[in-house]
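What follows is one structure encoded as structure tokens, with my remarks underneath.
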Amino acid sequence: MSILDKINEDIKKAMLAKEKEKLEALRAVKAAFLLAKTENSAKENLSYEKELQIIQKLIKQRKDAAEIYKQQNRMDLFEPEEFQAEIISSYLPAQLSAEELNLEISKIIEQTGASTIKDMGKVMGIANSKLVGKADSKSISAIVKQLLTK
């Protein structure tokens, strides 16, 4: 079952349970998936990796917006954004811990033969594709920088 199928089922459940906030978050995800499908008109279905990338992007948007609302002391807008980020993040696989992420990136650095910060682009490309959905790009980037500047 693809993520989109799961979201469609959860939309039906949220409609029956009259969970307005959850329904809003799920519809946003479905809309983003449908938009991505129309952009790639040649492909019938989105790949699992593409679905995960879309979900991560939506979570990042919600968290960024929530942070701005918090800085402006707008708790009435902050709380729905945080709630939606939580709902959407439930569709991601389990996130790697800092130690696991460090280990995975160390393996990638070893495979690519990267030794300096100049090789960061090469490592980031592989790491982002391999760790999609398991860690966000910001965390990956920080660890790659840390490991390559040693």
Residue match in the range 72-81 (condition: surrounded by 14 or more Cβ atoms within 10 Å (Cβ to Cβ) and polar (S, T, N, Q)): no
Residue tally, condition farther than 17 Å from Leu92 by Cα and either part of a helix (DSSP H, G or I) or in contact with a strand residue (DSSP E or B) (Cβ under 8 Å, 6 or more places away or on another chain) (or both), over the range 32-52: 6
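Only one of Ala94, Ala65, Ala85 is farther than 15 Å from Lys6 by Cα, of a type in the set (Gly, Ala, Ser) and outside any helix (DSSP H, G or I). Can you tell me which? Walk me through how you get there before you give the answer.
On the way: Ala65 fails: outside any helix (DSSP H, G or I); Ala85 fails: outside any helix (DSSP H, G or I).
So the residue among Ala94, Ala65, Ala85 that is farther than 15 Å from Lys6 by Cα, of a type in the set (Gly, Ala, Ser) and outside any helix (DSSP H, G or I) is Ala94.
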Residues within the range 110-129 that are exposed (fewer than 12 other Cβ atoms within 10 Å of the Cβ) and under 20 Å from Gln53 (Cβ atoms), tallied: 2
Unmet criterion (only one of (1) buried (at least 16 other Cβ atoms within 10 Å of the Cβ); (2) without any contact (Cβ under 8 Å) to a residue 12 or more places away in the chain) for Ala32: (2)
Residue within the range 17-29 that is closer than 24 Å to Asp136 by Cβ, free of Cβ contacts under 8 Å to residues at least 24 places away in the same chain and surrounded by 15 or more Cβ atoms within 10 Å (Cβ to Cβ) present: no
Which numbered condition Leu101 fails, given (1) exposed (fewer than 14 other Cβ atoms within 10 Å of the Cβ); (2) of a type outside the set (Ser, Thr, Tyr); (3) out of contact with any Leu (no Cβ under 7 Å at 6 or more places or on another chain); (4) at pLDDT below 90: (1)
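The values are calculated or read from the model by the stated rules, or taken from the named source; none is laboratory data. These figures come from a predicted structure and were not determined experimentally. Heads up, the Cβs are rebuilt from the backbone with ideal geometry, glycines too, and the neighbour counts pull from every protein chain shown.
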